[in-house]
Amino acid sequence: MFCGTCWQRALSGLGAVLAVVALAAPIFAQGSQGVIRGNVFDVDGQPIQGAKVTISRTDGSARFETTSNAKGEFMQAVTYSGGYLILCEKEKIGSASYQASVKIGTWTTVNCQLIVGQLATQQLAEMNKALKQLQTEALAAANAGNHQVAISKFNQMIAQSPKCSSCYYNLGVSQSQLKNWDAAEAAFKQAIELRPDACATWTNSTRTFDPWPSRTRTRTNNS
């Protein structure tokens, strides 16, 4: 059984979603890495120290976290080319999100402005709409038995909304349908951590892993 409501609550804490310009340029003789760097600042252009910057591959296969320094600067090395989602957030100030394409051997600059107010509300609604579309596509794929496609979509949702417990729950369901038990267990555990009151998550998680390590694990969908 699939569900999809928690991502909306996860988004409710975002103050803004602001796309800014990204620039790519060669970096120092490091052909095995790319670099995402930039600045986090407020609506007045003042640097924001201590902003959390989460950098995720859009397919959900890798995730990095860093923090802006006293000058509002951040930098993160990545080891894969492709699309990334950069989420900058600071409590009581706001959040900004941007998608960038990164190539190994180059650096990409992403400057995040954290704002609140009417613009923030409008951009939050746009992100909400995009996530809802992803959710529709993911659930349709899962219900049609296309679990590899569903897993990719659920991971994209998680990249954009890391606190989405239902995303992890649905990811766990699809992983278990493919008998990817370790991945299913990890997804269900994350869902439980984010929302321990979700009984359905507990029920499904116990179908894929034995909570008592001393017992022999039995993998079954019919328990």
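Across the cross-link table entries Lys132/Lys189; Lys103/Lys189; Lys90/Lys189; Lys71/Lys189; Lys90/Lys179, which are compared at the Cα atoms, the separations over 28 Å belong to Lys103/Lys189; Lys71/Lys189; Lys90/Lys179.
Which order do Val40, Val35 fall in if you start with the one that has the fewest other Cβ atoms within 10 Å?
The order, fewest Cβ neighbours first, is Val35, Val40.
Positive contributions from Lys and Arg (+1) and negative ones from Asp and Glu (-1), summed over other residues with Cβ under 14 Å from the Cβ of Ile36, come out at +2.
Among Phe64, Phe74, Phe154, the order by Cβ neighbours within 10 angstrom, fewest to most, reads Phe64, Phe74, Phe154.
Need one number for the stretch 58-172: average projected area of the convex hull over its C-alpha atoms, nm².
Value for the stretch 58-172: 8.1 nm².
Extension gain for Ala77 to Ala186 (0.36 nm times residue separation, less C-alpha to C-alpha distance): 36.7 nm.
Each reported figure results from applying straightforward, stated rules to the coordinates on display, with no laboratory input. Values in this document were obtained by computation on a predicted structure and should not be read as measured data. Positions of Cβ are backbone-derived with ideal geometry, glycine not excepted, and every protein chain shown enters the neighbour counts.
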